[in-house]
Amino acid sequence: MPNLASRSLWLSLLFLVVAAGGCNKGPTLECDEQYPCAAPKMCDLASNVCLPPSDGKVCGKDEDCTTAANPFCAVEFNTCVPCTMEDSSGQCPSRRICKRNVCEACQDDGDCDGKLCLPDTGGCALPADVAFVTATGMDNAPCTDTMPCTLRAALATGRSYVRLRDALSVDAAVTINRSVSILGASDERTSVTRTTAGPIFDISGTGTVKLTNFELLGATGTNGDAIKVSGGTPTLTLEAVDLIGNGGLGVSSGSAFLTILKSLIVNNAGGGVAAASVVHLENNIIVGNGSATSGVSGVQLASTATQNVVRFNTFANNVASAGAAQALSCGGIAVTASSNIFAGTAPLVTGCTTRHSLFPAGTAVTGTNDLAGDPLFASIALPASRNPDRDAMTYYHLSDGSPAIDKGEAINEVKQDFDGGSRAAARDIGADEYVP
């Protein structure tokens, strides 16, 4: 039989073990998934404290929950909540993910039953709506997660979403004549290039085409545009899509309604962007496009529409034929370009009105709140590759002391920069919001 001292020690250790196992939890103290609260209180899993239900509803079944915000009953807590199917997207708006009875944005493809997390909604695509593409995919494959196909076969399925799994090389233009979203891989930078002369993507029709998070590069020949809109009036959106080193234009958008956001448009011999219809250009880095014989340098606009938007872009060292604009040409159209950096050789802008923009040192600026000075770029060396998060990008980003810092226009709709980082209240000019 143990003596009194050893028995006391044994009891003390037992008390510590039991206490560590959760004896301090329960209906009157703390709670978690194993220790629910007494009705009608519910467990706030962020603080592990029992709280009254947020909408005042006490339930025993889903039918007791009548509000749109909290339509399901978490019976273990006797309260109405947004969702109850843990790790499922079956109950949440936009097919977001249920986490601890709250609908949250998916974080990666692995969260989703369709293996595609949509960056614009934070929801999961339906499995039947996704076609998967790899470099080794076959034309006759079903384009599923486990049996991917070619890009042309994926587009032929009619599915709403096409996921590119790795770098692709095509031998002819990829024709897109319907509404579709094409997304690069979520965990690495994917690319599409063409082995023969001509454009990589040929877009036509009246559909809505959205391209996200990949590169179009290496198209050859004077007609080697990364993207050519050959007919119709499609709505075309590029977000975090890089157009690099093509023999023709980055985008020849024809009559498309064109939006380009957070993209690199770099070293395209025929010029960066030529647009005949409405454009929205925001948070882009547009560098080194055009040549001494090209009619287009960085961006050339030809639409008389008043909806054109050109703001918070960085233009640098674009080239065009003698006397033409070396960065932005508006062709005499009433376009106001706000909060852009224009670096390079004059003339930089023709036919546009500028404001809150930065021009090279020594420039006689005339626009409202325009400035002149060295933007002090952190780097002008194009990286060989970059990760999808862009968290290490210094290419044509600002460095400490840049006159562009805090001098951009306070436009409420512009909340992010090229990298997806938040804009400060005093916004910086150009695509990059400087972070000390």
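The values are calculated or read from the model by the stated rules, or taken from the named source; none is laboratory data. Note that the structure is predicted; figures quoted are calculated from it, not measured. Note that we place each Cβ from the backbone using ideal geometry, even for glycine, and neighbour counts take in every protein chain shown. For the accessible areas, the whole protein counts, side chains as well, though only heavy atoms, and no ligand, DNA or RNA atoms are used. Shrake-Rupley method; radii C 1.70, N 1.55, O 1.52, S 1.80 Å.
Could you tell me the relative contact order of the chain? Use alpha-carbon pairs under 8 Å, at least six residues apart, and round to a whole percent. Please report the intermediate quantities before stating the final value.
Numbers: 1257 pairs, mean separation 26.2, N = 436.
Relative CO of the chain lands at 6 percent.
Roughly what would the spin-label model give for Thr336 and Glu76, points 7 Å off Cα along C-beta, in nm?
Reported label-point gap for Thr336 and Glu76 is 5.6 nm.
Please list the non-local residues whose amide H lies under 5 Å from the amide H of Arg427, H modeled 1.01 Å from N, same-chain partners needing a gap of 5 or more.
Distant-sequence amide H within range of Arg427: Gly408.
Taking θ as phi - 60°, what are the ³J(HN,Hα) couplings along the range 268-274 by the Karplus curve (6.51, -1.76, 1.60), each to the nearest whole Hz, with x for Gly and Pro?
8, 5, x, x, x, 9, 10
Using a 1.4 angstrom probe on the protein heavy atoms only, could you order Lys407, Lys415, Lys115, Lys262 from most to least accessible area?
Highest to lowest solvent-accessible surface, that is Lys415, Lys407, Lys115, Lys262.
Using 0.36 nm per residue, how much length does the chain from Ile380 to Glu30 gain when fully extended, once their Cα-Cα distance is taken away? Please list the in-between numbers first.
Details: separation 350, 0.36 × 350 = 126.00 nm, distance 5.53 nm.
Once the chain is fully extended between Ile380 and Glu30, it gains 120.5 nm.
List the pairs from Lys61/Lys115; Lys262/Lys407; Lys99/Lys262 whose alpha-carbon separation is above 22 Å, in the order I gave them.
On the way: Lys61/Lys115 31 Å; Lys262/Lys407 20 Å; Lys99/Lys262 30 Å.
Over 22 Å apart, Cα to Cα: Lys61/Lys115; Lys99/Lys262.
Relative to the longest principal axis of the chain, what angle (0 to 90°, nearest 10) does the C-alpha long axis of helix 4-18 take?
40 degrees
Check which residues have an amide H placed less than 5 Å from Val310's amide H, if you skip close sequence neighbours.
For Val310, the qualifying residues are Leu281, Ser338.
Place a point 7 Å from the Cα of Ser47 along the Cα-to-Cβ direction; which residues of the range 62-82 have their backbone N under 19 Å from it?
77-82
Starting from one equal scatterer on each C-alpha and no solvent at all, send me the Debye-based log10 I(q)/I(0) for the chain at q = 0.06, 0.07, 0.09, 0.11 Å⁻¹, two decimals.
-0.36, -0.46, -0.68, -0.89
If DNA, RNA and ligands are ignored and the probe is 1.4 Å, what is the ranking of Asp406, Asp202 by accessible area, most exposed first?
Values: Asp406 85, Asp202 35 Å².
Accessible-area ranking of Asp406, Asp202, largest first: Asp406, Asp202.
Toward the positive end of the charge dipole of the chain, about the Cα centre and with charges on Cβ (Lys, Arg +1; Asp, Glu -1), which of Val335, Ile286, Cys143 goes farthest?
About the Cα centre, the residue reaching furthest to the positive side is Val335.
Just to be sure I understand: with springs between alpha-carbon atoms less than 10 Å apart, which residue in Val299, Val49, Val287 has the highest mean-square fluctuation in the Gaussian network model of the chain?
Val49
Going by accessible area, probe 1.4 Å, with all protein chains left in place, what is the ranking of Ser253, Ser88, largest first?
Values: Ser253 0, Ser88 30 Å².
The residues order as Ser88, Ser253, largest area first.
Taking each pair of distinct Cα atoms in the range 269-381 once, what is the resulting Kirkwood hydrodynamic radius in Å?
Working: mean 1/r = 0.0730 Å⁻¹.
Kirkwood hydrodynamic radius for the range 269-381: 13.7 Å.
Would you kindly derive the ³J(HN,Hα) couplings of the range 221-234 from the backbone phi angles with the Karplus curve 6.51 cos²θ - 1.76 cosθ + 1.60 (θ = phi - 60°), listing them in order in whole Hz, with x for Gly and Pro?
x, 5, 9, x, 6, 4, 9, 10, 8, 8, x, x, 10, x
Any idea what diffusion coefficient the range 176-264 gets from Stokes-Einstein, in µm²/s, Kirkwood Rh on alpha carbon pairs, 37 °C, 0.692 mPa s? Walk me through the numbers before you get to the answer.
On the way: Rh = 12.7 Å.
The calculation lands on 258 µm²/s.
Could I have the simple spin-label model distance between Ala156 and Thr394, label points 7 Å from Cα toward Cβ, reported in nm to one decimal?
4.8 nm
I need the phi-derived Karplus couplings for the range 247-261: 6.51 cos²θ - 1.76 cosθ + 1.60, θ = phi - 60°, integer Hz, Gly and Pro marked x.
x, x, 7, x, 9, 10, 8, x, 9, 5, 7, 9, 10, 10, 10
What is the extension gain from Thr366 to Ala172, computed as 0.36 nm multiplied by their sequence separation minus the C-alpha to C-alpha distance, in nm to one decimal? Walk me through the numbers before you get to the answer.
On the way: separation 194, 0.36 × 194 = 69.84 nm, distance 4.69 nm.
Working it through step by step, the gained length comes to 65.2 nm.
Taking the Cβ-Cβ separation of Glu104 and Arg355 as r and a Förster radius of 60 Å, what is the calculated FRET efficiency to the nearest 0.05? Could you put the intermediate results ahead of the total?
Numbers: r = 40 Å, r/R0 = 0.66.
According to the calculation, E is roughly 0.90.
In terms of modelled amide H atoms, which long-range or inter-chain residues lie less than 5 Å from the amide H of Val174?
For Val174, whose amide H was placed from the backbone, the distant partners under 5 Å are Phe201, Asp202.
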